[in-house]
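Taking it in order: structure first as structure tokens, then the write-up.
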């Protein structure tokens, strides 16, 4: 069995990992917010995200978060709050996150 490495750069926030990801999929299927399960092997963390880029090991990508406008941040934050509310959880402060993933 091989290991797969990647890194994610996303706008969002970490949330508690649900026992069943079907709950996430159902709650988020109609909205602009997605989710990311990533982290150390067998210790994935869960994130609500609005924007997400992945970079595989040995590759690179230029990401320009500084181009997002204050209005865009307000929309993303509103969407993240609505998604958290639909999951009946409180949302930590959102921001740009970098998550190395090993699976």
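Quick one: compute the contact order of the chain, relative version, from alpha carbon pairs under 8 angstrom and 6+ residues apart, as a percent.
Numbers: 162 pairs, mean separation 51.1, N = 103.
The value is 50 percent.
Once you have a ≥ b ≥ c as the square roots of the Cα gyration tensor eigenvalues for the range 41-83, tell me rounded if a/c is under 1.5, and otherwise prolate or oblate according to whether a/b is larger than b/c.
Values: a/c = 4.67, a/b = 1.29, b/c = 3.63.
Oblate.
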Label point distance in nm, residue 6-residue 96, each placed 7 Å from Cα along Cα→Cβ | 2.1
Under a point spin-label approximation (7 Å from Cα along Cα-to-Cβ), what is the residue 29-residue 88 distance to one decimal in nm?
-> 1.9
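Taking the mean number of other Cβ atoms within 10 Å as a proxy for protection, how do you rank 6-14, 41-49 from highest to lowest?
On the way: 6-14: 19.8, 41-49: 16.3.
Per-residue Cβ counts within 10 Å, averaged per peptide and sorted highest first, yield 6-14, 41-49.
Please work out how much length the chain gains when fully extended from residue 14 to residue 61, using 0.36 nm per residue of separation minus the C-alpha to C-alpha distance, in nm with one decimal.
On the way: separation 47, 0.36 × 47 = 16.92 nm, distance 2.27 nm.
Length gained, residue 14 through residue 61: 14.7 nm.
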Model label zone, residue 41; criterion: amide N under 20 Å from point 7 Å along Cα-to-beta-carbon; scope the range 1-28 = 1-8
Highest mean first, what order results for 92-99, 74-81, 60-67 on Cβ atoms within 10 Å?
-> 74-81, 92-99, 60-67
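Throughout, read-outs are computed from the coordinates displayed, never taken from laboratory work. Computed from a prediction, not measured in an experiment: that's the story for all the values here. Here Cβ is always computed from backbone atoms with ideal geometry, including for glycine, and neighbour counts include all displayed protein chains.
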